[in-house]
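The values are calculated or read from the model by the stated rules, or taken from the named source; none is laboratory data. From a predicted model like this one, the values you see are computed outputs, not experimental measurements. Using ideal geometry, Cβ is built from the backbone for each residue, glycine included, and neighbour counts are taken over all protein chains shown.
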Amino acid sequence: MPRKGRPKVAVWKFTSCDGCQLSMLDCEDELLAIADAVEIANFREATSAVVEGPYDLSLVEGSVTTLSDARRIQEVRAQSRLLVTIGACATAGGIQALRNFANIEEFRQAVYARPEHISTLSTSTPIQDHVPVDFELRGCPINKDQLLEVLSAFLDGRSSNVPTESVCAECKRRGNVCVMVARGAPCLGPVTQAGCGALCPAYHRGCYGCFGPQESPNTASLIRRLEALGMDGPARLRVFRTFNASNPVFRAASEAPAGGNP
């Protein structure tokens, strides 16, 4: 029997791989402590029990790719006091937003045996394109420590303290040697928001931009550096069109002419 007075939290899935919800479950002991402070009212990944809204906080994973998604997110927003989007799909359209640069009908014909039965939109769009969002938590998947900070801030009634610096700052703290300087490896770290702990550079690989653009990204400067490393236009397009392909900053960088200036 839930205790009275605990805030009700709901977790919703739209078009996504469920990776961010799995990151939530990976919190384990920490999640149990938070679960004692809130009422988990709707979290289909974890339990079949559902408590009707309204909800004090809704966490939304996934992008809007169908008419059903577009209708459902309006319903979720209407019954949520606060709404936080989690992960690259919810904040930037996700990897499925590659459809935004192509003909969806060609994709449908190529992938499905009976494409006439597939109902989908021609674009994959972030939640903020459809309803007001109170906070965006980036990542593919999200960082569980950042998620705990957001939930703690909600319980404390304060603003969350999620860093907006670049992955380069994380590399410095971790003691990583810069892969671009030492190895000539293409890396999006200088323009990507921190959150992964500089995981890829720690294993001598360039950053893939999983957390989207940092607060003030100098993409033009990075593009010139990538070109100096021998990266041509098509290769640069591919490096910016991954998990956050439809983010306006990364999209503009992928489409920028040589030299990086629009």
Discussion item. Among the residues that make up the stretch 116-134, is at least one of them small (Gly, Ala, Ser), assigned to a helix (DSSP H, G or I) and at pLDDT 95 or above?
Written reply: no
Worksheet item: Counting only residues that are more than 22 Å from the chain's Cα centre (by Cα) and buried (at least 17 other Cβ atoms within 10 Å of the Cβ), how many does the stretch 1-39 have?
Response: 4
Worksheet item: Taking strands (runs of 3 or more DSSP E) that fall entirely within the stretch 1-98, which contain at least 2 residues that are out of contact with any Leu (no Cβ under 6 Å at 6 or more places or on another chain), in contact (Cβ under 8 Å) with a residue 40 or more places away in the chain and of a type in the set (D, E, K, R)?
Response: 8-13, 55-61
Worksheet entry | Which numbered condition Ala245 misses (of (1) more than 19 Å from Val179 (Cα to Cα); (2) surrounded by fewer than 16 Cβ atoms within 10 Å (Cβ to Cβ); (3) of a type in the set (A, V, I, L, M)) | (2)
Worksheet item: Out of (1) touching a residue at least 40 places away in the same chain (Cβ under 8 Å); (2) buried (at least 19 other Cβ atoms within 10 Å of the Cβ); (3) of a type in the set (S, T, N, Q), the odd one out for Asn176 is which?
Response: (1)
Worksheet item: Across the stretch 148-167, what is the total count of residues that are part of a helix (DSSP H, G or I), surrounded by 21 or more Cβ atoms within 10 Å (Cβ to Cβ) and in contact with a helix residue (DSSP H, G or I) (Cβ under 6 Å, 6 or more places away or on another chain)?
Response: 2
Response to the item:
Note on Arg205: of the conditions (1) of a type in the set (D, E, K, R); (2) surrounded by 15 or more Cβ atoms within 10 Å (Cβ to Cβ); (3) under 18 Å from Val179 (Cβ atoms), unmet is (2)
